[in-house]
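A.B. asks: Please read through the structure below; I'll follow up with questions.
The values are calculated or read from the model by the stated rules, or taken from the named source; none is laboratory data. Everything quoted here is computed from the prediction, not taken from an experiment. Reconstructed Cβ throughout: ideal geometry from the backbone, glycine too, with neighbour counts over all protein chains shown. Heads up: the accessible areas ignore ligands, DNA and RNA and are worked out on the full protein's heavy atoms, side chains in. Shrake-Rupley method; radii C 1.70, N 1.55, O 1.52, S 1.80 Å.
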Amino acid sequence: MIWVKDSHEIDAMRQSGRLTDALLTYLEKQIVPGISTLELDEMAERYINKNGGRAAFKNYRGFPKSICTSVNSVVVHGIPGNRVLYEGDIISIDVGICLDGYYSDAARTFPVGKISAQAQKLIDTAEACFFAGLSKALDGNRIGDISAAVQSVAEAENYGIVRELVGHGVGRALHEDPDVPNFGTAGRGVRLRKGMTLAIEPMICAGSHRVEVMDDGWTIQTCDGSLAAHYENTVAITDNEAEILTISPRKRKR
């Protein structure tokens, strides 16, 4: 079932989204060579709690930590632990926050110190994929319009697009209908309506799109060991351009 939100609900999600945005901004400043993913998780949980939220990922379907920390070839769902970050790594941080009963979900891929030009291009393309999809997130369009736009940008750069993992509805629950794939055909799928709230989240790989689940049952990495990048925001369908709820208007670059 797809839940269409009213203006009060979207405002509640906007507040949750601002906290998610603030957390990612805070964590970005902490990402330096020598820090561990567990330290980032502990910082995140303290920040969320201090600001009245709840870490939506913690204990969700058994996930043991507050954020996902996915390094280099890990696409998503990396579990924070003793992994230390080194100069040249890239790390995707995926964050979900529940505030006053409403959820927001966002992810960014960050450099650790100085990274290669190839790694930076991958990060930039994941972000560009999101904004291409966002441009199609319009009342009256279809999910396939978002999917095809994301796919077009990624494949133009010869990047693989993860098939097994998709974006999703979000709001009253962390994961709601509908699914939002990062590949597909324009003009197909669920029709978008004002008040729908979606997590659009391109996940792209420098090599093959094929991924595998590791022994911990959570960590998903590229089969060929190639780098992966993830970029996600929670958005609301409006009368006009979709509103990004997890980037404050003053920070939006596009």
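A.B. asks: From Gly140, Gly113, grab the single residue that is outside any helix (DSSP H, G or I) and either under 19 Å from Gly17 (Cα atoms) or touching an Asp or Glu at 6+ places or on another chain (Cβ under 6 Å) (or both).
C.D. replies: Values: Gly140 fails: either under 19 Å from Gly17 (Cα atoms) or touching an Asp or Glu at 6+ places or on another chain (Cβ under 6 Å) (or both).
One residue alone meets the criteria, Gly113.
A.B. asks: Looking at region 228-238 only, could you name the residues that are over 17 Å from His175 (Cα atoms) and touching a Ser or Thr at 6+ places or on another chain (Cβ under 6 Å)?
C.D. replies: Ala228, Ala229, His230
A.B. asks: Between Ala44, Ala12, Ala22, Ala56, which is closer than 13 Å to Ile93 by Cβ and of a type in the set (Gly, Ala, Ser)? Break it down stepwise before answering.
C.D. replies: Numbers: Ala12 fails: closer than 13 Å to Ile93 by Cβ; Ala22 fails: closer than 13 Å to Ile93 by Cβ; Ala56 fails: closer than 13 Å to Ile93 by Cβ.
After applying the criteria, what remains is Ala44.
A.B. asks: Being farther than 15 Å from Asp216 by Cβ, in contact with a Ser or Thr (Cβ under 9 Å, 6 or more places away or on another chain), open to solvent by less than 50 Å² (accessible area, probe 1.4 Å) and assigned to a loop (DSSP other than H, G, I, E, B) is the filter here; which residues of region 50-71 pass it?
C.D. replies: Gly53, Ala56
A.B. asks: List, please: which pairs have Cβ atoms under 6 Å, are six or more places apart or on different chains, and start with a residue in region 34-63 that is under 23 Å from Lys114 (Cα atoms) and end with one that is β-branched (Val, Ile, Thr) and open to solvent by 40 Å² or more (accessible area, probe 1.4 Å)?
C.D. replies: These pairs meet every condition: Ser36/Val84.
A.B. asks: Which condition from (1) in a helix (DSSP H, G or I); (2) within 17 Å of the chain's Cα centre (by Cα) is the one that Glu39 breaks?
C.D. replies: (2)
A.B. asks: A further question on this structure: What tally of residues in region 150-162 results from selecting those that are more than 16 Å from the chain's Cα centre (by Cα) and in a strand (DSSP E or B)?
C.D. replies: The total comes to 1.
A.B. asks: In region 14-38, what residues are open to solvent by less than 10 Å² (accessible area, probe 1.4 Å) and either at positive phi or β-branched (Val, Ile, Thr) (or both)? Talk me through it step by step, then tell me what you get.
C.D. replies: Residues of region 14-38 that are open to solvent by less than 10 Å² (accessible area, probe 1.4 Å), as a first pass: 16-17, 20, 23-24, 27, 37.
Selection gives Thr20, Thr37.
A.B. asks: All but one of (1) open to solvent by 50 Å² or more (accessible area, probe 1.4 Å); (2) out of contact with any helix residue (DSSP H, G or I) (no Cβ under 8 Å at 6 or more places or on another chain); (3) in a helix (DSSP H, G or I); (4) farther than 21 Å from Gly217 by Cβ hold for Tyr47; which doesn't?
C.D. replies: (2)
A.B. asks: Condition first: of a type in the set (Asp, Glu) and either touching a Ser or Thr at 6+ places or on another chain (Cβ under 6 Å) or open to solvent by 40 Å² or more (accessible area, probe 1.4 Å) (or both). Now tell me which residues in region 102-132 satisfy that.
C.D. replies: The initial filter retains those residues of region 102-132 that are of a type in the set (Asp, Glu), namely 105, 124, 127.
If the condition is that a residue be of a type in the set (Asp, Glu) and either touching a Ser or Thr at 6+ places or on another chain (Cβ under 6 Å) or open to solvent by 40 Å² or more (accessible area, probe 1.4 Å) (or both), then Asp105, Asp124 are the ones that fit.
A.B. asks: Based on this model, can you work out whether Tyr86 counts as among the aromatic types (Phe, Trp, Tyr) and part of a loop (DSSP other than H, G, I, E, B)?
C.D. replies: Numbers: among the aromatic types (Phe, Trp, Tyr): yes; part of a loop (DSSP other than H, G, I, E, B): yes.
Judged against the criteria, Tyr86 is a match.
A.B. asks: Taking Ala242 as the residue in question, decide whether it is over 16 Å from the mean Cα position of the chain (by Cα) and either of a type in the set (D, E, K, R) or buried (at least 19 other Cβ atoms within 10 Å of the Cβ) (or both).
C.D. replies: Numbers: over 16 Å from the mean Cα position of the chain (by Cα): yes; either of a type in the set (D, E, K, R) or buried (at least 19 other Cβ atoms within 10 Å of the Cβ) (or both): yes.
Judged against the criteria, Ala242 is a match.
A.B. asks: Residues in region 220-230 that are over 15 Å from Asn158 (Cβ atoms) and open to solvent by less than 20 Å² (accessible area, probe 1.4 Å): how many?
C.D. replies: At the first step, the residues of region 220-230 found to be over 15 Å from Asn158 (Cβ atoms) are 220-221, 223, 225, 230.
Then keep just the ones that are open to solvent by less than 20 Å² (accessible area, probe 1.4 Å); that gives 220, 230.
Result for region 220-230: 2.
A.B. asks: In region 1-24, how many are assigned to a helix (DSSP H, G or I) and either of a type in the set (A, V, I, L, M, F, W, C) or touching a residue at least 40 places away in the same chain (Cβ under 8 Å) (or both)? Steps first, please.
C.D. replies: Residues of region 1-24 that are assigned to a helix (DSSP H, G or I), as a first pass: 7-24.
Right, trim to either of a type in the set (A, V, I, L, M, F, W, C) or touching a residue at least 40 places away in the same chain (Cβ under 8 Å) (or both) and you get 9-10, 12-24.
Residues that pass the stated criteria total 15.
A.B. asks: Just one of Asp11, Asp41 is out of contact with any helix residue (DSSP H, G or I) (no Cβ under 8 Å at 6 or more places or on another chain) and open to solvent by 50 Å² or more (accessible area, probe 1.4 Å); which is it? Spell out the reasoning first.
C.D. replies: Numbers: Asp41 fails: open to solvent by 50 Å² or more (accessible area, probe 1.4 Å).
Asp11 is the lone residue from the list that is out of contact with any helix residue (DSSP H, G or I) (no Cβ under 8 Å at 6 or more places or on another chain) and open to solvent by 50 Å² or more (accessible area, probe 1.4 Å).
A.B. asks: So, in region 133-167, how many residues would count as being among the aliphatic types (A, V, I, L, M), out of contact with any Cys (no Cβ under 9 Å at 6 or more places or on another chain), buried (at least 21 other Cβ atoms within 10 Å of the Cβ) and more than 16 Å from Ala199 (Cβ to Cβ)? Spell out how you get there, then give the answer.
C.D. replies: Just the residues of region 133-167 that are among the aliphatic types (A, V, I, L, M), to begin with: 134, 137-138, 143, 146, 148-150, 153-154, 156, 161-162, 165-166.
Now drop any that are not out of contact with any Cys (no Cβ under 9 Å at 6 or more places or on another chain), which leaves 134, 137-138, 143, 146, 148, 156, 165-166.
Going one step further and asking which of them are buried (at least 21 other Cβ atoms within 10 Å of the Cβ), we end up with 134, 137, 143, 146, 148.
Imposing the further condition that a residue be more than 16 Å from Ala199 (Cβ to Cβ) reduces the set to 148.
Of the residues in that region, 1 qualify.
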